[in-house]
Protein chains: 2
Amino acid sequence: MKTVDGTSIETIRRLPAYYGIAQKFYAEGATYVSSVAIASHLNIDSIIVRKDIQQIGIEGKPKLGYEASALVDGIAEFLGWNRKDRLILAGCGALGSALLGYSGFKSRGYDLVAGFDTNPSIIGTQIHGKDILPLSKMIDLCLRMHITIGIIAVPSSAAQSVADLMVKSGIIGIWNFTPVPLKVPQEVIVQQEDLVSSLVILLKKLEKEMA
Amino acid sequence: MKTVDGTSIETIRRLPAYYGIAQKFYAEGATYVSSVAIASHLNIDSIIVRKDIQQIGIEGKPKLGYEASALVDGIAEFLGWNRKDRLILAGCGALGSALLGYSGFKSRGYDLVAGFDTNPSIIGTQIHGKDILPLSKMIDLCLRMHITIGIIAVPSSAAQSVADLMVKSGIIGIWNFTPVPLKVPQEVIVQQEDLVSSLVILLKKLEKEMA
């Protein structure tokens, strides 16, 4: 199993959903939330939920489950959501614009600071309240604000040159929404995003059900 | 490890990326592509690549690697990309519009047939060449075209009612981009999408590198 520091990638992927459910229970006045309740909301096995939560060091109480507030705080701390990480985005087309407006960043404590683009008709404007800046301002902004994480949502043909610019800007974590394999220095981490990868999982599950 | 029919979820998630790289090698005239080459493009361990490809029953040749065309065909077949699955989308705001224009669907053989919305100012128009229809047309279109997969990208407040409508339309696989846990009949499969889940993996890897 592939892990990051002993925690499996699939566990890390599922934690934001557990957080959302625990938060909902807590907001509705519940003190405890059980692995069975979380599992049933997500259509997964409760054993998976228990193992995942155990991995991040949170213990439940027999018959009651997890303290909702402790679970919310524990997941947020494990995922670093208290650090208020700041990000920039390059490429403010359809996908980039959607990301600029994505409420899931702010609600988890991420601060998407600005978007960068080459299109003169949108530079200087705002999209979903975020300033759109020319690429030439990236280095200055990132170094000044100590921003180390960048999202690439540009056309494939521009992906490598934007990655190079991000590296020069001190970015060490790149979330790449293009299918282009990026060449970056060894210390820079690229997380490849492929929206289709969730769709193929859905279709594989359907295939199994139909079999 | 969580699996679908014996194949791990993370393996299924990675296969589209292998497909893209094998296709690129093939288009550039290479007959073979090695696990090391694939791994280095994705910044992952080549052992993972070998295990993943072994799981779908494709064998490499010592010192040469995989036949690029066989790998492309094998992954496409395993992922069902030859079936030309058809999808519909509900919610044509920023995220939904981006999905309507997402080139990664068509290039993998998915046909996103139409978008549905309640906004009269976009109904009857096209977004990225796709017709935008009123929700009232969903049942008829899905039954007539035998569409069984739906994407939900509506505001959270409308998520459950749109899911109910999809179920009535014969949809049995829902790809849910809202954070709302959907109540659906047991035979309907919901794949929960949370864009932040990839970002948390990137940040966890960075954290480990910095430690």
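Taking the listed residues A:36, A:49, the one that is part of a helix (DSSP H, G or I), more than 10 Å from every other protein chain (Cβ to nearest Cβ) and surrounded by fewer than 20 Cβ atoms within 10 Å (Cβ to Cβ) is A:36, with no other qualifying. When the residues of the stretch A:108-121 are filtered to those that are touching a helix residue (DSSP H, G or I) at 6+ places or on another chain (Cβ under 9 Å) and surrounded by fewer than 18 Cβ atoms within 10 Å (Cβ to Cβ), the one that is nearest to the other protein chains (Cβ to nearest Cβ) is A:109.
Only residues that are at negative phi and either free of Cβ contacts under 8 Å to residues at least 12 places away in the same chain or more than 13 Å from the chain's Cα centre (by Cα) (or both): list them for the stretch A:72-84, please.
A:72, A:73, A:74, A:75, A:77, A:78, A:82, A:83
Between B:71, B:42, the distinction of being modelled with pLDDT of 90 or more and either at the interface with another protein chain (Cβ under 10 Å from one of its Cβ atoms) or closer than 20 Å to residue A:180 by Cβ (or both) belongs to B:71 only.
Is there a residue in the stretch B:59-68 that is crowded, with 19+ Cβ neighbours inside 10 Å and part of a helix (DSSP H, G or I)? Yes, some residue in the stretch B:59-68 is crowded, with 19+ Cβ neighbours inside 10 Å and part of a helix (DSSP H, G or I). For residue A:78, the criteria (1) in contact with an Asp or Glu (Cβ under 9 Å, 6 or more places away or on another chain); (2) aromatic (Phe, Trp, Tyr); (3) within 14 Å of another protein chain (Cβ to nearest Cβ) hold in every case but one, which is (1).
So that you can scan it fast, the table gives a plain yes or no per residue for (1) in the same structural domain as residue B:167 (by TED's automatic domain parsing); (2) free of Cβ contacts under 8 Å to residues at least 60 places away in the same chain; (3) touching a Phe, Trp or Tyr at 6+ places or on another chain (Cβ under 7 Å):
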| residue | (1), (2), (3) |
| --- | --- |
| B:19 | no, no, no |
| B:27 | no, yes, no |
| B:40 | no, yes, no |
| B:56 | no, yes, yes |
| B:70 | no, yes, no |
| B:91 | yes, no, no |
| B:103 | yes, yes, no |
| B:112 | yes, yes, yes |
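The set of residues in the stretch A:169-187 being more than 8 Å from chain B (Cβ to nearest Cβ) and in a loop (DSSP other than H, G, I, E, B) consists of A:169, A:170, A:171, A:177, A:178, A:180, A:182, A:183, A:184, A:185, A:186. Against the numbered list (1) under 29 Å from residue A:141 (Cβ atoms); (2) crowded, with 18+ Cβ neighbours inside 10 Å; (3) modelled with pLDDT under 95, residue A:88 comes up short only at (3).
Can you say whether residue B:97 is within 12 Å of another protein chain (Cβ to nearest Cβ) and either surrounded by fewer than 16 Cβ atoms within 10 Å (Cβ to Cβ) or not in a strand (DSSP E or B) (or both), as far as the supplied structure shows? Yes, satisfied. Which one of these is in contact (Cβ under 8 Å) with a residue 12 or more places away in the chain, part of a strand (DSSP E or B) and within 10 Å of chain A (Cβ to nearest Cβ): B:15, B:87? Of B:15, B:87, the one residue that is in contact (Cβ under 8 Å) with a residue 12 or more places away in the chain, part of a strand (DSSP E or B) and within 10 Å of chain A (Cβ to nearest Cβ) is B:87. Scoring residue A:166 on the criteria (1) touching a residue at least 24 places away in the same chain (Cβ under 8 Å); (2) within 12 Å of chain B (Cβ to nearest Cβ); (3) under 20 Å from the mean Cα position of the chain (by Cα) leaves a single failure, condition (2).
Across the stretch B:188-211, which residue is farthest from residue A:197 (Cα to Cα) among those that are more than 7 Å from every other protein chain (Cβ to nearest Cβ) and not in a helix (DSSP H, G or I)?
Step by step, filter the stretch B:188-211, then rank; the result is B:211.
Contact map, the stretch B:131-145: residues that are surrounded by fewer than 16 Cβ atoms within 10 Å (Cβ to Cβ) paired with residues that are assigned to a helix (DSSP H, G or I), Cβ distance under 7 Å, separation 6+ or inter-chain. Pairs shown: B:139/B:168. In this structure, does residue B:32 turn out to be closer than 30 Å to residue A:186 by Cβ and of a type in the set (Phe, Trp, Tyr)? Yes.
The values are calculated or read from the model by the stated rules, or taken from the named source; none is laboratory data. Since the model is a prediction, treat every value here as computed from it, not as a measurement. Every residue, glycine as well, gets a Cβ built from its backbone with ideal geometry; the counts of neighbours run over all protein chains shown.
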